[in-house]
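**Q** The structure follows.
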Amino acid sequence: MNYDLSVDLGERSYPIFFRPHGQDELAERVLGEAKTGKVIIITDKNVGPLYAQGLADSLRNRGLRVALLDFPAGEPHKNLDTVRRIYERCLQFGVDRETPIVGFGGGVVGDLAGFVAATLLRGLPFIQVPTTILSQVDSSVGGKVGVNLAEGKNLIGAFHQPKWVLIDPQCLATLGIDERRAGLAEAVKHGALADADLLDEIAQNADALLNADVDSLMKVLPRAVAIKAEVVSQDEEERGVRATLNLGHTLGHAFEADCGYRGLRHGEAVALGLRAILQISRSRMGLSLRAEERISAALDALDLPSSWAERMRPSVLDRVDLDKKNLGTSVRVVLLRDIGDPVVVAMPRDEFKEQVSALAGVKCSSEVV
Ligand code: GLY
């Protein structure tokens, strides 16, 4: 069966290849992009020895000059210091405007490598090889690239679409089970946005998915990515429907930031945010109990956290004020009328915070004692 997808953006359209055991094909495809005989692979110190070194060796065996550039793994390194070091190493290597940059790793690697590709020499060809579920179902598709500032995540960035994306679910075998669980939260989000059957598939096969069973992953990943690809094809720069991909993220980001990005993975925070939004959607949008239960069943089967109300502190709500999607005094929040029927609502921030507080049973401002 052919699972390949495409993101349709006119001249910048690109394919997404799903390839279990796809490392040979990956090398062949990269070779085809290296028009001046050079390629730069950007990875981190975890993925480098596991996979990217193998790609570098196999490209060198095929006669290419390869720079394999790594940096320490983790979100704290997704910053301008790392970018500057990578720029310097690319220039020492002799990068030219036809040299492709391969981002080989999870979301941090893809975002940073893509930012380098978007900016160095005013733009280089970019290839995404995501190796976590989170990056496979979400961040590797759609061209959002960027780095963090001390003031917040992803505050500097660009849209720079890849030439193609190659997803090898076999790479997920070396990922920790908690990382797989957190990544699958984004697949549940995509199901809630557009595909009720995907939710049931995840709920029924949660154990196999968590254990990185490739056949089960191949039933879920292409469907989850298809939803993202369709949304990006309609609205590349988030002027409309793409904002629905932020379902669960307004409060998710607030939970994540409140614990200093330690102790809660991004997908776990999104699961908490999504559960809260389901309740708000029930009261404001008439989301049915049946629909809420169908989405929650997938989150529960994956054993994603549910204690959003217990974790809701005034300091979490204060974070909503800093959300970069805020417009004036309003917060843009994604609610669901039904599975497959999201709506972006601009709500006065105070009203949103009061509603969350009422549902969670907390006071809504740290200034209120
Ligand atoms: N992760 C949301 C987006 O790519 O728009």
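**Q** Any idea how many residues of the stretch 187-246 are out of contact with any helix residue (DSSP H, G or I) (no Cβ under 7 Å at 6 or more places or on another chain), in a helix (DSSP H, G or I) and within 14 Å of the ligand (Cβ to nearest atom)?
**A** Counting residues in the stretch 187-246 that are out of contact with any helix residue (DSSP H, G or I) (no Cβ under 7 Å at 6 or more places or on another chain), in a helix (DSSP H, G or I) and within 14 Å of the ligand (Cβ to nearest atom) gives 5.
**Q** Also: Can you say whether G123 is closer than 28 Å to V95 by Cβ, small (G, A, S) and away from the ligand (no atom under 13 Å from the Cβ), as far as the supplied structure shows?
**A** yes
**Q** Just to be sure I understand the filter: pairs with C-beta atoms under 9 Å, separated by 6 or more residues or on different chains, first member in the stretch 120-134 and under 19 Å from A182 (Cβ atoms) and in contact (Cβ under 8 Å) with a residue 24 or more places away in the chain, second member surrounded by fewer than 24 Cβ atoms within 10 Å (Cβ to Cβ) and among the aromatic types (F, W, Y). Which pairs pass?
**A** T131/Y51
To keep it simple, each residue is scored yes or no on (1) more than 25 Å from R19 (Cβ to Cβ); (2) modelled with pLDDT of 95 or more; (3) within 16 Å of the ligand (Cβ to nearest atom); (4) not polar (S, T, N, Q).
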| site | (1), (2), (3), (4) |
| --- | --- |
| D96 | yes, yes, no, yes |
| G106 | no, yes, yes, yes |
| Q136 | no, yes, yes, no |
| G157 | yes, yes, yes, yes |
| L172 | no, yes, no, yes |
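**Q** Further question: Go through the residues of the stretch 31-42 one by one and say whether even a single one is surrounded by fewer than 22 Cβ atoms within 10 Å (Cβ to Cβ), out of contact with any Asp or Glu (no Cβ under 6 Å at 6 or more places or on another chain) and of a type in the set (A, V, I, L, M).
**A** Yes, that holds for at least one residue.
**Q** Something else about it: A226 fails exactly one of the following numbered conditions: (1) surrounded by fewer than 23 Cβ atoms within 10 Å (Cβ to Cβ); (2) more than 15 Å from the chain's Cα centre (by Cα). What is the number of that condition?
**A** So the condition that A226 fails would be (2).
**Q** State yes or no: is A67 small (G, A, S) and closer than 21 Å to L172 by Cα?
**A** So A67 fails the test.
**Q** While we're looking at this one, here's another question. Determine which member of the set P305, P342 is surrounded by 15 or more Cβ atoms within 10 Å (Cβ to Cβ) and assigned to a strand (DSSP E or B). Don't jump to the end; show me each part of the working.
**A** On the way: P305 fails: assigned to a strand (DSSP E or B).
Testing whether each residue is surrounded by 15 or more Cβ atoms within 10 Å (Cβ to Cβ) and assigned to a strand (DSSP E or B) leaves just P342.
**Q** Could you identify the single residue in G114, G142 that is within 16 Å of the ligand (Cβ to nearest atom) and touching a Pro at 6+ places or on another chain (Cβ under 8 Å)? If you could, list the steps in order and put the result at the bottom.
**A** On the way: G142 fails: touching a Pro at 6+ places or on another chain (Cβ under 8 Å).
The conditions single out G114.
**Q** Related question: If we keep just the residues of the stretch 52-86 that are assigned to a loop (DSSP other than H, G, I, E, B) and of a type outside the set (A, V, I, L, M, F, W, C), which is farthest from L166 (Cα to Cα)?
**A** N79
**Q** Taking the condition of being in a helix (DSSP H, G or I) and touching a Pro at 6+ places or on another chain (Cβ under 9 Å), how many residues in the stretch 247-274 meet it? Walk me through it before giving the result.
**A** Just the residues of the stretch 247-274 that are in a helix (DSSP H, G or I), to begin with: 249-258, 266-274.
When the remaining residues are screened for being touching a Pro at 6+ places or on another chain (Cβ under 9 Å), the result is 268-269, 271-272.
The qualifying residues number 4.
**Q** Please indicate, with yes or no, whether at least one residue in the stretch 280-298 is part of a loop (DSSP other than H, G, I, E, B) and either within 16 Å of the ligand (Cβ to nearest atom) or of a type in the set (V, I, T) (or both).
**A** No: zero hits.
**Q** Show the residue pairs that are 6+ apart or on different chains and have beta-carbon atoms under 7 Å apart, the first residue being within the stretch 71-86 and touching a residue at least 24 places away in the same chain (Cβ under 8 Å) and over 14 Å from T43 (Cα atoms), the second being assigned to a loop (DSSP other than H, G, I, E, B) and small (G, A, S).
**A** As it stands, the answer is none, since no pair meets every condition given.
The values are calculated or read from the model by the stated rules, or taken from the named source; none is laboratory data. Computed from a predicted model, the values in this text were never measured in an experiment. Neighbour counts run over all protein chains shown; Cβ positions are idealised from the backbone, glycine included.
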